[in-house]
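See structure below.
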């Protein structure tokens, strides 16, 4: 072994030892550092009850958010089906009158169509928002795990990117809900138009029976 | 591979071919074995019996004198009798069983041989135990030979000679039968009665049965019935006993007996007599029907027979006979009941058809359709079972079907007619029947009809009828289904056959024909029929919808399935009705409302909301329209869509809305409550940790920006931002509220909150600005807000601004506490910053009404300008109303009174009289006591000043006593005594003065209160003047911007007790040179739990802002808490005050290492070693 090789070996050995010495238990280095946080068990004996409750609450948040996503998906499906049903029922039904009633009927049908479409868009917006909320809940869970691990000396993580991600998601959630709320305003405006058109159609002697039919 | 398979297949085919060729060779024709002829069998038996006879004869011949000879003869006689029977049977068979009266010589010969053999036994062995049996056998042979008189004699001999014989009953029975056959019923009765008198006899039941028949024949039906019943009971008992015995015997016997073997002990009893074949129970039951029909009530017949019957077969047989009997005597009630039971239980033979017909006739005749729901299914079942029989040809089937369809339809429709008539007349009407028809029964009848005859040409009418009946019986769901079925049937196109059938002449009786001649039925064409059906279909659909609606309304307790079905049916029927019919407005409204309600009840609110809203718009001011409005709102409420509820509610409440005014007033509070609820929800979400809540709330506020709801939303958003510590939002939203809703009564609150938020963040100037703005908006809060603003200004050395605020507050405050508070603030400010003259000038107008805070300050100011009398008056007022005065006011008053007394003492020039000496001594005591009273007050400043002035008062008193001029008329001795006493008292006073000074110095050092009094005491000087003086703050050096403090301020917005943030902001102010602001922040830091360094910093800030006393107190506390920097800082300040001795005390033993912020002058101070240390 030449001296040069020996030196290289010694340097590597020293750095390796330093790295091992300086790396406490639970440190995640390299690619995983700061991004991947392993699941902390709620039964982990190293954690006090308060920390477990904190984690459990964060997990609950995820479950609740997931449930809201499921509900929103159902609502969307229902809104779509209802829109189709409405379209099927009213198609040609209100345009069979004479004169002014015919025109009013067509307008009312169109408004109903817009109304149903707007409700579908609202349901989609709400679904997007709750999905964002789910992502946020997951990020918060990760944050809670990382912070708890750090607090109770179970592991060390780069908390900053996790917290930043949570903040970003918070803004995204806020934006998504804002969009949904805006769409709600659109729906309500459309509803006003629908019933205005419906009233006009009725006042002109239009028959509304098709609305009550079963498709 | 493929080739191999082919080879295998070829081989297999070859084998099969060979086998098929060989097969015919192996097969043989089986011989046909026929059954033997009966005659041949009998002949064989004759041969066997003959052999037996020959053999018996041989044995008899070989057994002369043997004891068993009677048995051998007995056996021989019986064999002969048996052979005779076989001969008779051969003859009977030969005659093709055509007659039983035959002339067969062999039989007579053999029987006579048998009789002679029996007689031989009786003659040879008269005491044989076989005698009774022999006699019975003889009688039997005699009866078969037609020798009835001889038979009678033989039997009577048996009965007479052998009363205990087991053959006695048989004999009596035969005798009874003998007379019965000859219609000698009295004699027959005698013999039968003899049997039944016996205690235990297997023939008892039969005897009763025979006896019953005797009574039948003598027309005593009651007696007959009684005996039939006894016959059944006795036979049942005998059979039970027999079974018990057999079981017991079986248990005793070790051998397992054959299934049909007769136990030994009864063998003789049961193997003859010919009565075994009579099933007494069955026959008696069947035969009693005749008398029962005559004597007893028909409605109890079925129960009676059922009770007596032991088997289903006998029960059915009896029922059949009973039915026939009732039919014969035309008793419809009994016929109906029995026929029903027969149709229920009897086997499926053709007789059931008759039973069904019988039932129909009986029911129609009685007009009792109370059981029609059972009758029709029974009748149809009988028909269907016959139809299933393969032997029935098609034409017969058609006829049967036609006939029974008519019967079933007849019963169902007649019951329906009766039901309708009852419905018209009511239950208490003239149509009274014992068994009223029920709708349920009729419905069941129709249902059975429709189930069994699905292809009936009358199905349409029957379904319609059924639907009506179901409605009548409140079975609404089923009624709805049937109405829909009717509608479906009516939707089918009319066929030519149907038109023809309708126009065909009715097949009526002559009578009906004659009646019809008067009003001929008009013919109907296909088109008209089709139109009629279309109208009927629409009616059916409407009825269906109504039925479903009734179902939903009345049967809430039913299961989910039923409710769901009813709703679905309602929508289908209602929708079709609206689509096809041209309903009048009321019907259409009802149907539409019912459909919408079905969605509402189902929980499908999406659909319900639209449909109900449509009803509200289409039928305004109607009952349904009004209800729909409420239901729409409720739907939104249930799905917690407050936004939707608000929107629709507002739409309903607008001027152009079709909703009635009465309803508007009802829904208005609902909408308002929803608005509040929605707002609460959004506010909750916005103030919580949920992201996006604020965005939604702001969006909501934007949407309703021109309304009160928008205002409330903005306020909620503002509150949420405040709670969340989002200061930028607080300021922005606050400004929006103020600008958008300037007339809102919440504006002042918003602005004041903004002011307080700014104060929390130590944005003092902004805070003052908002507070003053809020004060200008809200008259109610004006005084308080201005006082707060004034306090901040005062602390920031803006004396003028503070005074202005306080004066404004004083003007704004009403009488009472508010005014007093404002006055106190103003008085305190003027006292601290003005001269005594200014104080007197400013506070004199505030003295009315009297306020201890004002009066005490005013008194001191008057004292300082030399107006003791006026001052005394104010102090007196304070001390008299001490209970209402604060401790500070009391301290001031006590101190002021003491000062007045000291002034009196100082200015007192006693005349040379002995009384003047006493008066001087008294004045000195009063002065000292006054200062002691003031020193006991909890106010540190005036307490300390009182101690200092106490020392001065004692000194003055001593001087006065020492320099007093005694009266000239005293003796030398008196003069000496008084002089010594006065000197002693003066000495005492000087000692007291020293003590007071020491105490004062101790207190000053302990509390680091080195004001005028404290400073003098520490120096060991007695203050010659009032030592209480105030030093104003130095002018403020206002910081324009703070470096690196913004995030700390944000943190303080969320948590005002955040120590780190407080320190950061305090240091930032100090670094920026704004010591006044820093002093306030650091004071808050200490209050929030800050440590020695924070106290030291507070001292530095106080010192720099001119608050020397504050700085001393802060440094002192910091020093006590261990701050090394505070020691030096305290030393610097004390040195400036001229307390060099105390400085030495402080620096003695102080640590050399300094940790903390130092005043500029403190950096050059060196510490001293502790005493004793080098």
Can you find, within region B:553-582, the residue that is nearest to the other protein chains (Cβ to nearest Cβ) among those that are closer than 21 Å to residue B:482 by Cβ and not in a helix (DSSP H, G or I)? B:581
When you scan region A:124-134, do you find a residue that is within 14 Å of another protein chain (Cβ to nearest Cβ), crowded, with 19+ Cβ neighbours inside 10 Å, farther than 20 Å from residue A:67 by Cα and modelled with pLDDT of 90 or more, even just one? no
Subset of region B:601-630, residues surrounded by fewer than 24 Cβ atoms within 10 Å (Cβ to Cβ) and more than 10 Å from chain A (Cβ to nearest Cβ), comes to B:601, B:602, B:603, B:605, B:621, B:622, B:623, B:624, B:625, B:626, B:627, B:630
Listed residues B:506, B:493; which is over 44 Å from the mean Cα position of the chain (by Cα), surrounded by fewer than 19 Cβ atoms within 10 Å (Cβ to Cβ) and at pLDDT 85 or above? B:493
Tally time: how many residues in region B:1050-1085 are surrounded by fewer than 24 Cβ atoms within 10 Å (Cβ to Cβ) and in a loop (DSSP other than H, G, I, E, B)? 6
Before we move on, is residue B:585 farther than 20 Å from residue B:542 by Cα, surrounded by fewer than 23 Cβ atoms within 10 Å (Cβ to Cβ) and more than 9 Å from every other protein chain (Cβ to nearest Cβ)? no
Could you tell me whether region B:146-155 includes any residue that is on the phi > 0 side of the Ramachandran plot and exposed (fewer than 15 other Cβ atoms within 10 Å of the Cβ)? yes
Residue ranges of helices (runs of 4 or more DSSP H) in region B:56-151 with at least 3 members farther than 24 Å from residue B:181 by Cβ and modelled with pLDDT under 90: B:69-94, B:105-124
With a cut-off of at least 2 residues that are out of contact with any helix residue (DSSP H, G or I) (no Cβ under 6 Å at 6 or more places or on another chain) and within 13 Å of chain A (Cβ to nearest Cβ), name the helices (runs of 4 or more DSSP H) lying wholly within region B:683-750. none
Take residue B:596 and decide whether it is closer than 21 Å to residue A:84 by Cα, surrounded by 23 or more Cβ atoms within 10 Å (Cβ to Cβ), within 30 Å of the chain's Cα centre (by Cα) and within 9 Å of chain A (Cβ to nearest Cβ). yes
Look through B:878, B:927 and report the one residue that is in contact with a helix residue (DSSP H, G or I) (Cβ under 8 Å, 6 or more places away or on another chain), touching a residue at least 24 places away in the same chain (Cβ under 8 Å) and under 22 Å from residue B:821 (Cβ atoms). B:878
For region B:646-661: of the residues being crowded, with 22+ Cβ neighbours inside 10 Å and within 11 Å of chain A (Cβ to nearest Cβ), which is nearest to residue A:200 (Cα to Cα)? B:652
The correct count of residues that are part of a helix (DSSP H, G or I), at pLDDT below 90 and over 12 Å from residue B:674 (Cα atoms) in region B:625-650 is 0
Residue A:106 vs (1) farther than 30 Å from residue A:49 by Cα; (2) more than 13 Å from chain B (Cβ to nearest Cβ); (3) touching a residue at least 40 places away in the same chain (Cβ under 8 Å): all pass except (3)
Helices (runs of 4 or more DSSP H) wholly inside region B:756-848 containing at least 3 residues that are modelled with pLDDT under 85: B:817-833
Considering residues of region A:191-215 that are within 10 Å of another protein chain (Cβ to nearest Cβ) and within 35 Å of the chain's Cα centre (by Cα) only, the residue surrounded by the most Cβ atoms within 10 Å (Cβ to Cβ): A:211
Could you tell me whether residue B:668 is in contact with a helix residue (DSSP H, G or I) (Cβ under 7 Å, 6 or more places away or on another chain), within 29 Å of residue B:718 (Cα to Cα), surrounded by fewer than 16 Cβ atoms within 10 Å (Cβ to Cβ) and away from chain A (no Cβ under 13 Å)? yes
Looking at residue A:142 and the list (1) modelled with pLDDT of 90 or more; (2) in contact with a helix residue (DSSP H, G or I) (Cβ under 7 Å, 6 or more places away or on another chain); (3) within 13 Å of another protein chain (Cβ to nearest Cβ), which single condition is not satisfied? (3)
Evaluate region A:152-166: report whether one residue or more is within 11 Å of chain B (Cβ to nearest Cβ) and either more than 22 Å from residue A:62 (Cα to Cα) or modelled with pLDDT of 90 or more (or both). yes
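The values are calculated or read from the model by the stated rules, or taken from the named source; none is laboratory data. Keep in mind the model is a prediction, meaning the values are calculated, not measured. Please note: Cβ atoms are built from the backbone with ideal geometry, for glycine as well, and neighbour counts cover all protein chains shown.
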